[in-house]
Amino acid sequence: MSADPKLKARLGIALIGVALAVLPFVVGATFGNSWVRIVDFALLYIMLALGLNIVVGFAGLLDLGYIAFYAVGAYLYALLSSPHLATAFPALFAVAPGWPVWAVLPLGALVAGLFGVMLGAPTLKLRGDYLAIVTLGFGEIIRIFLNNLNAPANITNGPQGINNIAAAQIGGHALNRPLELFGVMVPGVHLQYYFFLALTLLVVFVCVRLQDSRLGRAWVAIREDEVAARACGINTRNVKLLAFGLGATFGGVAGGLFAGFQGFVSPESFGLLESVMVLCMVVLGGMGHIPGVILGAVLLALLPEALRWGAVPVQQSLFGKVLIDPESLRLLLFGIALVVVMRWRPAGLWPSALRKRELAAHGEAA
Amino acid sequence: MSAPLLEARGISKRFGGVQALREVSLSIRAGEVYGLIGPNGAGKTSFFNVLTGLYSADQGEVRFDGQPLPLGVPHRIAGLGIARTFQNIRLFGAMSALENVMVGRHIRLHTGVLGAILRTPAARREEADTEARAHALLRYVGIDRLANQQATHLSYGDQRRLEIARALATEPRLLALDEPAAGMNATETAGLRALIEKLRGDGMTVLLIEHDVKLVMGLCDRVAVLDYGEKIAEDVPDVVRRDPRVIAAYLGREAADA
């Protein structure tokens, strides 16, 4: 007897739901709460990777400056939720701006989206390597701006960054403080986890819906053959700008969450290596394939932490001393992983299969 | 005599030192199969690319159904009702045959970002309708059984058919085929010919660029001949076939004089 596939799917979703709900408690109890924090970061990376996936995976536009949108979201949140502006411009801000999170995050998404369109507009005719160079430059420009915008007016506080950023508040409760629920103390990192998880699920949902739509098809069409896409009536300019804008939007949201989570932002967090990291998540996982991209993000987010945790004791027991420090080992393994995956699984660890449509099966039977 | 569906006037196009098109004028009537032939490098594909918006013209204008065509803006030309296929087949390789045709529907659909995310009833209807129409078009060109095959896995002849189905999905009033029989064997060419005749029977206007002179002469209602970027003849096949300038263009001056 074969179970109803719909029922099976529902059961699967329910199981995943339960697993995700208890995950922070399991992880916290087994490895300690610092690992819950790492899981929180993994969620941020999933959002980033899914955003970049729209640009690189769907539309095929190689973007090496994606982290700039993360920076825009993070700094916007930082400026609107910290005392920095009030300190730097006492004449303009009598009290420190303390925008609620439900206003800052959409605003961050919007502003990052505008930056995405700003990057997209002048690069519409570029493809491949050329586009990669321009976007790389764009990412660096944003970082350097953040680094130097402390004079003549101190907007970003330069290389020192902005601190004392208020954590996101939901229902009057700041998410960095523990909350007692039904007699159970839920630590702050767990609360952040649920908050991030909700937004990550929203991002996944949006990605899936877009992929299955007229726009998702248009993106892939541009990736596969831009000339044919234009001949098919696709306004490639608008559709590409939409990809840049929407991808940047996710980056902006993730950036806002990052700022509220860390309580501190500085230009250092938004370097080229971060852009490359997110790109690697997309490429390693499986370009254009949402589950693959999620897998890539989780693996690459957890890998350095796993090394930090395991590399020292393993080397101690093997050699009696630490030969390679975990940080260098991370980049080494990272490089090896990239080479191995590109050699044996060039489409990524979990590449997308050809989409089959149900209606087609009926047509074939008829 | 019916009014022309498409009228090109004085189209010129130059690439650096090469005059690809020199004052080409021609008119295509609704419902006919119009052939465009000429030796290699005569400017057939250049003319095609101007007509479908991939190139802009240096001079001249094209009127389609009385309206000037926005040359150089392919998606708008597709929207006005001119669809094309490519000499070297250009399919969306990673997509299934069905999805290729669904992409062709793009310009006739309206779902935006919000509609797609929220999957509104209108968006859902549109999606179902798109899929049904795509299947119908695949059936029309005879490859519905391959709907779920990856486009690149189709045979050469079927890829041609798929490209035609994708072009038809834009709901064109003029279907422009760029050397559809190139590289086909005799059976495939016969099948293609049957398909074009079926299209004509259903009222489609077809512009056909072709090297296979036999196919063009047997199929087309009227034929224009390009040579070195100039139109040297335009008439029914039997007249064009005997035109000394055409013979000269294809076989050389002496053959025409002989």
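Structure summary
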item	result
Relative contact order (percent, whole number), chain A, Cα cutoff 8 Å, 6+ residue spacing	28 percent
Cα lying deepest toward the dipole's positive end in the protein assembly as shown, options B:194, B:248, A:98, charges on Cβ	A:98
Mean separation of Cα contacts under 8 Å (6+ apart) over length of the stretch B:89-171, as relative contact order %	51 percent
Antiparallel DSSP beta bridges within chain B, as percent of all bridges there, nearest 5	55 percent
Axial C-alpha extent at least 27 Å, average Kyte-Doolittle at least 0.0 - helices from chain A (DSSP)	A:5-31, A:33-52, A:101-120, A:128-148, A:188-211, A:236-262, A:290-319
Unit charges at the beta carbon, dipole of the protein assembly as shown: most positive-side option, A:72, A:348, A:193	A:193
Segment residue A:117-residue A:331, length gained on full extension (0.36 nm per residue, minus Cα span)	73.8 nm
Within the protein assembly as shown, helix-based [θ] at 222 nm, where runs of 4 or more DSSP H residues each add -39,500 (n - 2.57), nearest 500	-18000 deg cm²/dmol
Inter-probe distance in nm under a simple model that places probes 7 Å from Cα toward Cβ, at residue A:9 and residue A:227	3.9 nm
Residues in the stretch B:133-157 occluded by at least 40 Å² - accessible area, probe radius 1.4 Å, against chain by itself	B:135, B:148
Accessible area buried, both sides summed, chains A and B with 1.4 Å probe, Å²	3400 Å²
Surrounding net charge for residue B:126, when Lys and Arg each add one and Asp and Glu each subtract one, Cβ distance under 13 Å	+4
Cα-based helix-to-principal-axis angle, B:186-201 vs chain B, degrees rounded to 10	80 degrees
Two-site label geometry, residue A:129 and residue A:208: point separation in nm, points 7 Å out along Cα→Cβ	4.0 nm
Long-range amide H partners of residue B:227 with built H, under 5 Å	B:232
Spatially close lysines, pair count over the protein assembly as shown: Cα under 20 Å, gap of eight or more or interchain	9
Separation of alpha-carbon centers, the stretch B:85-134 and the stretch A:54-99, rounded to whole Å	36 Å
Candidates A:320, A:286, A:172: whichever shows maximal mean-square fluctuation once chain A is modelled as a Gaussian network with Cα springs under 10 Å	A:320
Nearest-20 debye value, the stretch B:89-171 charge dipole, Cβ charges on Lys, Arg, Asp, Glu	60 debye
Percent antiparallel among DSSP beta bridges (both partners in the protein assembly as shown, rounded to 5)	65 percent
Using alpha-carbon coordinates, inclination of helix B:121-141 to the longest axis of chain B, degrees	40 degrees
Delta accessible area of at least 30 Å² on complex formation, residues of the stretch B:56-78, 1.4 Å probe, chain isolated as reference	B:74, B:75
Whole-Å distance, taken between Cα centres, linking the stretch B:176-207 and the stretch A:1-47	55 Å
Mean separation of Cα contacts under 8 Å (6+ apart) over length of chain B, as relative contact order %	26 percent
Point-charge dipole on Cβ atoms (K/R +1, D/E -1) for chain B, about Cα centre, debye to 20	520 debye
Estimated dipole of chain A in Debye, rounded to 20 [Cβ of Lys and Arg +1, of Asp and Glu -1, Cα centre]	660 debye
Solvent-accessible area per residue for the protein assembly as shown (1.4 angstrom probe, square angstrom)	45 Å²
Heavy-atom accessible surface of the stretch B:96-205: percent carbon and sulfur, 1.4 Å	55 percent
Most mobile of A:110, A:50, A:124 in a GNM of chain A (Cα contacts under 10 Å)	A:124
Inter-part distance where the stretch A:256-296 and the stretch A:147-225 are each reduced to a Cα centre, Å	12 Å
Cα gyration tensor category, rounded, prolate or oblate, for chain A with a/c compared to 1.5	rounded
Carbon/sulfur fraction of accessible area - the stretch A:22-270, other protein chains in place, 1.4 Å, %	68 percent
Shape call, the stretch B:26-86: gyration tensor on alpha carbons, a/c limit 1.5	oblate
Rounded if a/c under 1.5, otherwise prolate or oblate - the stretch A:17-91, Cα gyration tensor axes	oblate
Dipole of the protein assembly as shown [Lys/Arg +1, Asp/Glu -1 at C-beta], most positive-end residue of B:206, A:107, B:18	A:107
Pairwise label distance in nanometres, residue B:27 with residue B:250, each label 7 Å out on the Cα-Cβ vector	2.7 nm
Shielding score for B:91-101, defined as the mean number of other chain Cβ atoms within 10 Å	5
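The values are calculated or read from the model by the stated rules, or taken from the named source; none is laboratory data. Being a predicted model, the structure only gives us computed values, none of them experimental. Here Cβ is always computed from backbone atoms with ideal geometry, including for glycine, and neighbour counts include all displayed protein chains. Protein only, heavy atoms only, side chains kept; ligands, DNA and RNA dropped before computing areas. Shrake-Rupley method; radii C 1.70, N 1.55, O 1.52, S 1.80 Å.
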